[in-house]
Amino acid sequence: MKKKFIYTVFCLSILSVTAIATTHIPNTEKIVLNESYKILPTPQPGFRVLPYLQAPASNSITINWVSELNNIGKITLTNTENQQTTSLKSSPLYLKLMEYSTKELEQVLEYKSGNGETETLEQGSWLLSNNNYKHSVQFNNLEPNTLYRYTVSQDGKNYSNEFKTYPTNKNWQKITLIAFSDTETEPYGKLEHREWEIHTVNPYRAGSEPRPEQNSAFDKKYGNRSRNGMFLVRYPLNQQRALNENLRIIQQAKPAALLIAGDLTQGSGYQPAWDEFFRHFAGEFSDFASHTPLLTALGNWETYAALNDGYGNADNPLPPVISRNKYHDYFDTPGDKKNPQFKDSYYRTDIGPITLLTLDSTKGIPDENTEQKIFSGKVYTGNDSVLKPHLWSAQNTESDEYITTDTQGSFSKAYYDNAFSQLYPGKMPSESDIPGFNPGTAQWQWVEEQLKDARQNGQIILVQFHHAPYSSGIHGTPPNHQYSDNQSGVAMRVFIPLFEKYDVAAVIAGHDEMFERSWVDSDGDGKGIHIYDVGVAADGLRGEKMIKTDDGKFIPLSYNTYSRWSATKHEPEYWKTNKNGVKHLIDGGLHYGHLHIELNKTVQGSHMRLTPVYIFPILDDDYELIKMERREYNDIIDIHFNDKGNILL
C-alpha cells in the first residue's frame, strides 16, 4: 500500500493586513498539555480570526474578531466620503466552549481514497493554541450606501479593510447576493476528495464517452468509491481547495452578502472544524468575511459534535447544546428582540429593497424518530402528491393524515431543553435557545409578523433555512415514508402557504448536498415560489435518492414531484478522449458552485435573475488542475416585481 505524508505549514497572506498577525504559525515555545497528546502552540499576539462583519444594515454594522491574548483591542472606522473617524475599544470575552477536547487533541487523520493509497496529516498540525477571546464592536448612526474603511489594532498587530453600508429601499440601483450551503469545513477536507455522483438513468449527453473506469489514470490520481451500485471516481478537488476556489470566484462578483444556508462546519461541537472555517473566511486562505458579510443559518451540523459524541447520548446529552452555542458565540445577529433566549437562531436582514428572513429549521415539534417509530402522520409510500401542507397549520392528522412535523430525529426537544439547563446552571429547560418552527411557536409568530411588515413596506422577500422542504435527495422523504429519513426537511412545507400569501420570491436551502430547483404554486395564482437546494459549497456531490429494485438495479425514487431542475438529472456529462489519448470532461455534470442572485431596478419596479453557477475544473493530461472556470447551468430564472415588491406574471 502506498502512503503519502502531507505536512501542513500555516501562513497568512492577506494583502490588506498592514502588519501580518502570525497566529497560525506554531511558536518554538510549546505548552505540554498531557501525556496522551499534545503540544499546542503558545498563544500568539494578533488575530486568531481576522475581523469579520456581522449584522449588516444601512446605518449600522458589528465587527467581530478573535484573539489568543486577553488584551483590549482598538478599532478605527472612517467614512471615506467625509473622512469622519470614530474609534472604539473592545472588551475581550473568553470563549470557554472553544477549548479543545481530549479527543480533538489526540485525533489522527488518515484518508483512504479507494485506490490503494493512504494520505495523512501530521498529527496535530491543524491545531492552534487553546485560547479564544472574542472581540465585538458595534457601530451605529452610519450613513447608508457609504464606503467605510476600518483598522483593528490587536496586541501590536494591525489589520485594515473596508465595507459598504446597505442602501435604503429607495436609494439603490443594483443588489448582488450569492448563496450556497454545506461548506462543512474540517481539517480532513485537506485530504478528502468526495465521491462524484452521476445520474443512474441519464448520465451522459449524446456522443459522450463513459467516465474513466477503475484502474484508469484518473482513478489512480484521485481514487474511487461505490455508491448506488455504481463505481464512482472521486472529484479532482479536495474539499479545502473546492471552497477556496468557490470563494475566489464569488469574490469577483462583489456581492453585498454571502448567504450560507446551514452546515457551516462538519460538526459545530468539533473545534478544529471552526478553526478551518475561519481559515477560509477570515484567516489563512482569505479575508472574505472581513469585507463581505456572512448571513448564516443553523443546520443539523450546528447541533452535532462529530467525534465529541455526535448528537449526544444518555451518558452525555450536552453535545447538541454545546454545538449550537458555539455557533451563537461566533455570530451576532439582530435575532428576535421579543424572545432573546433564542439568540441568533433566526433574524431579519434588510438589504435595500430586499428583506431576507433567516429561519431555524433544526428542530420541530411534535418529535418524530424513525428508529423509535414515532411519527406525527400515517406511514405511506409513493411520491409527495398525497401531502396537503396548505392544511398543516392545524398541526393534526384530521387535516392531513400524512402530516410530518419534525426535521431532527436524533434527539427530542425535551432532551435538548434538559441538556441546556445542565450546561447553563440556573437556566430552566423552557429557557433553551432552540425555538422550534411549527405553528404557535415564537418563531412562527415572528415570521408572520416580519412577512406582513416587509410586504407593507414594499420589500422583495427572500427566505433561507437549512432543511430543503422540497428535495429529490437522500433527505427528501419524511420520517413517515416507506423510504424514510430521520432528518428530512419536508416538515418545513408548513410555511409554504404563508410564503405564498406574502409573495416570497424564493427560498434558499441546502442539506442534500446537491443543486436543485423546485417550484411550488399551491394557491394556483401562477406566481409560485422557487425553492433551491444550494448545498454545493464544498462538501458532498450528491444526486437523487435511489432505491434498489427487485432485479438489483438502482433507480430514482422521484418523491419530489415539484422538482424542475437538478444538476445531476438535467446537466449530463460529456467526456471526450483528446489527441494524446487522455479522456477529459468537456462539460456538464454536478460540480461545486453557488446561486448568483442579481436584482436591478427597472421602470416598472425591479428584475431579479437567479443563476446557478458551477466552477469547472480544467485539467492537464496528467489530471493536474490548471484552473477553475466560472460556468452557468442552463436553468436561469427571471422574476419581475412591481414597485411594491409584488411578483408580476
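The values are calculated or read from the model by the stated rules, or taken from the named source; none is laboratory data. This is a predicted model, so every value here is computed, not measured. Because the Cβ atoms are built from the backbone with ideal geometry, glycine has one as well, and the counts that use them run over all protein chains shown.
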Looking only at region 550-602, and only at residues there that are among the basic types (Lys, Arg) and more than 25 Å from SER488 (Cβ to Cβ), the one that is nearest to the chain's Cα centre (by Cα): LYS601
Would you tally the residues in region 366-401 being over 23 Å from LYS501 (Cβ atoms) and in a loop (DSSP other than H, G, I, E, B)? 17
When region 563-586 is checked residue by residue, the ones that are part of a loop (DSSP other than H, G, I, E, B) and crowded, with 22+ Cβ neighbours inside 10 Å are GLU571
Could you check, for region 198-212, whether at least one of its residues is modelled with pLDDT under 95 and over 25 Å from ILE618 (Cα atoms)? yes
Close pairs (8 angstrom Cβ cut-off, 6 or more residues apart or separate chains): of a type in the set (Asp, Glu) in region 492-518, assigned to a helix (DSSP H, G or I) anywhere: ASP503/ARG455; GLU516/ALA567
Which numbered condition trips up HIS135, out of (1) within 30 Å of LEU557 (Cβ to Cβ); (2) touching a strand residue (DSSP E or B) at 6+ places or on another chain (Cβ under 6 Å); (3) crowded, with 21+ Cβ neighbours inside 10 Å? (1)
Kindly establish whether LEU599 is crowded, with 21+ Cβ neighbours inside 10 Å, within 29 Å of ASP384 (Cα to Cα) and in the same structural domain as SER522 (by TED's automatic domain parsing). no
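Residues checked against (1) surrounded by fewer than 22 Cβ atoms within 10 Å (Cβ to Cβ); (2) closer than 30 Å to TRP172 by Cβ; (3) assigned by TED's automatic domain parsing to the domain that holds ASN600:
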site: ILE460; (1), (2), (3): no, yes, yes
site: SER472; (1), (2), (3): no, no, yes
site: GLN482; (1), (2), (3): yes, no, yes
site: ASN486; (1), (2), (3): yes, no, yes
site: GLU500; (1), (2), (3): yes, yes, yes
site: VAL504; (1), (2), (3): no, yes, yes
site: ALA509; (1), (2), (3): no, yes, yes
site: ASP512; (1), (2), (3): no, no, yes
site: TYR532; (1), (2), (3): no, yes, yes
Condition set surrounded by 11 or more Cβ atoms within 10 Å (Cβ to Cβ) and of a type in the set (D, E, K, R), scope region 82-106, selection nearest to ASN132 (Cα to Cα): answer is GLU99
Restricting region 245-272 to residues that are farther than 16 Å from LEU294 by Cβ and of a type outside the set (D, E, K, R), which is nearest to the chain's Cα centre (by Cα)? GLN266
Kindly list the number of the only condition in (1) touching a helix residue (DSSP H, G or I) at 6+ places or on another chain (Cβ under 8 Å); (2) assigned to a strand (DSSP E or B); (3) in the same structural domain as ALA506 (by TED's automatic domain parsing) that fails for THR183. (2)
If you go through region 226-251 one residue at a time, how many are at pLDDT below 95 and assigned to a loop (DSSP other than H, G, I, E, B)? 2
Could you pull out the residue among ASP417, ASP433 that is more than 25 Å from TYR532 (Cβ to Cβ) and either assigned to a loop (DSSP other than H, G, I, E, B) or not assigned by TED's automatic domain parsing to the domain that holds SER563 (or both)? ASP433
Checking THR183, THR168 in turn, the sole residue that is β-branched (Val, Ile, Thr) and surrounded by fewer than 20 Cβ atoms within 10 Å (Cβ to Cβ) turns out to be THR168
Spot the failing condition for LEU177; the list is (1) at negative phi; (2) assigned to a loop (DSSP other than H, G, I, E, B); (3) of a type outside the set (Asp, Glu), and only one is missed. (2)
So GLY267 ticks every box in (1) surrounded by 23 or more Cβ atoms within 10 Å (Cβ to Cβ); (2) in contact with a strand residue (DSSP E or B) (Cβ under 9 Å, 6 or more places away or on another chain) but one. Which box is left unticked? (2)
Just to check your reading of the model, which residue among GLN154, GLN173 is touching a Lys or Arg at 6+ places or on another chain (Cβ under 9 Å) and surrounded by fewer than 23 Cβ atoms within 10 Å (Cβ to Cβ)? GLN173
For region 399-433 the number of residues that are surrounded by 15 or more Cβ atoms within 10 Å (Cβ to Cβ) and closer than 16 Å to ASN369 by Cβ is 13
Tell me, yes or no, whether region 78-87 has at least one residue that is more than 15 Å from GLU162 (Cβ to Cβ), at pLDDT 95 or above and touching a Phe, Trp or Tyr at 6+ places or on another chain (Cβ under 9 Å). no
If ALA509 satisfies every condition in (1) in contact with a Ser or Thr (Cβ under 9 Å, 6 or more places away or on another chain); (2) closer than 23 Å to ASP400 by Cα; (3) not in a loop (DSSP other than H, G, I, E, B) but one, which is the exception? (2)
